[in-house]
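*Asks:* Please read through the structure below; I'll follow up with questions.
The values are calculated or read from the model by the stated rules, or taken from the named source; none is laboratory data. Predicted model, so just to flag it, every value in this text is computed and none were measured. Cβ placement follows ideal geometry from the backbone for every residue including glycine, while neighbour counts extend to all protein chains displayed.
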Amino acid sequence: MIAEGYDAFLFDLDGVLYRGDQPVPAAAETVQALREMGKRVAFVTNNSSRTPGDVVAHLATVGVTAAIGEVETSALTAAAGLRHLDITSAYVIGERGLREALEASGIAIVGPEEPTQAVVVGWDRSLTYDALRAASLAVQRGARLFASNADITYPAPDGTTWPGTGVIVLALEAATATRATIFGKPYPPILRAALERAGGGRPLVIGDRIETDIEGAHRLLWDSLLVLTGIASREDHRAAAIAATYVVEDLSALIAG
Ligand SMILES: [Mg+2]
């Protein structure tokens, strides 16, 4: 049984535990079975628009029981990272999850013309040119550029893909000739924070995207499990430069055998 070799199971959300509003077969039962085996879990998402409370509520609708303290979003990782750098002010492109995480960490969110130490970018479905210009000018005046994550696409519930946070990041990088510091997968901070939430031990990163979930585990030399219920196919995995430790059709493979 795959699960026997690990202490902490770090679950990506979309394409792993749900697809939009729909449950993924075998997902909720597997999380419950892991808990009953005494295993620890954390829920890790690059999506910065939702608060941990939103995530717990959404997981409940697909039958997955989660505690707020088990949820690591790229917004939380970004807020902790900024605090670590002693940053206390930020101009923000992003939705409620990012704004609340920053404010909860004591970071003041400033208006477009106000002095700021940082520009922080997350997914923002009401992005305007004015906001892009304000962020660009702040960086040109010396603010550091950060992003919750760099996903180029967002997998929409209807199966299409929408522009993700990474598109906004690329626009600002191009406009300011700087590189953003990124906290979400595949970069290590979010996965390290998730392992801490799960109480440490030997981790298994579980996800449906090779370039974020599997690459993130690879960078930390952690094992990974690619589940084929989301974005990536077996062909994508074969063509990729890195390999997941396990590739499975659905999450029941974790506790089978
Ligand atoms: Mg996913």
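*Asks:* So which helices (runs of 4 or more DSSP H) are wholly in the stretch 65-180 and hold at least 1 residues that are polar (S, T, N, Q)?
*Replies:* 74-84, 129-140, 165-176
*Asks:* Among what's in the stretch 19-36 and is among the hydrophobic types (A, V, I, L, M, F, W, C) and more than 14 Å from the ligand (Cβ to nearest atom), pick the residue that is surrounded by the most Cβ atoms within 10 Å (Cβ to Cβ).
*Replies:* Among those that are among the hydrophobic types (A, V, I, L, M, F, W, C) and more than 14 Å from the ligand (Cβ to nearest atom), it is Val31.
*Asks:* If you go through the stretch 93-100 one residue at a time, do you hit one that is assigned by TED's automatic domain parsing to the domain that holds Pro157, charged (D, E, K, R) and free of Cβ contacts under 8 Å to residues at least 12 places away in the same chain?
*Replies:* Checking the stretch 93-100: at least one residue is assigned by TED's automatic domain parsing to the domain that holds Pro157, charged (D, E, K, R) and free of Cβ contacts under 8 Å to residues at least 12 places away in the same chain.
*Asks:* Filter the stretch 167-208 down to the residues that are small (Gly, Ala, Ser) and under 24 Å from Leu225 (Cα atoms) and list them by number.
*Replies:* Residues satisfying the conditions are Gly184, Ala193, Ala194, Ala198, Gly199, Gly200, Gly201, Gly207.
*Asks:* If you scan the stretch 37-52, which residues turn out to be within 16 Å of the ligand (Cβ to nearest atom), out of contact with any Gly (no Cβ under 7 Å at 6 or more places or on another chain) and not in a strand (DSSP E or B)?
*Replies:* Of everything in the stretch 37-52, just one residue is within 16 Å of the ligand (Cβ to nearest atom), out of contact with any Gly (no Cβ under 7 Å at 6 or more places or on another chain) and not in a strand (DSSP E or B), namely Asn47.
*Asks:* Further question on the same structure: Could you tell me whether Ala150 is surrounded by 22 or more Cβ atoms within 10 Å (Cβ to Cβ), within 16 Å of the ligand (Cβ to nearest atom) and without any contact (Cβ under 8 Å) to a residue 40 or more places away in the chain?
*Replies:* Answer is yes for this residue.
*Asks:* Also, I was wondering about something else. Hey, Val64 hits all of (1) of a type in the set (Val, Ile, Thr); (2) assigned by TED's automatic domain parsing to the domain that holds Leu132; (3) touching a helix residue (DSSP H, G or I) at 6+ places or on another chain (Cβ under 6 Å) but one; which does it fall short on?
*Replies:* Checking Val64 against (1) of a type in the set (Val, Ile, Thr); (2) assigned by TED's automatic domain parsing to the domain that holds Leu132; (3) touching a helix residue (DSSP H, G or I) at 6+ places or on another chain (Cβ under 6 Å), the one that fails is (2).
*Asks:* Mind telling me which of the residues Val92, Val55, Val16 ends up being within 16 Å of the ligand (Cβ to nearest atom), within 17 Å of Ser148 (Cα to Cα) and under 18 Å from the mean Cα position of the chain (by Cα)?
*Replies:* Only one candidate qualifies: Val55.
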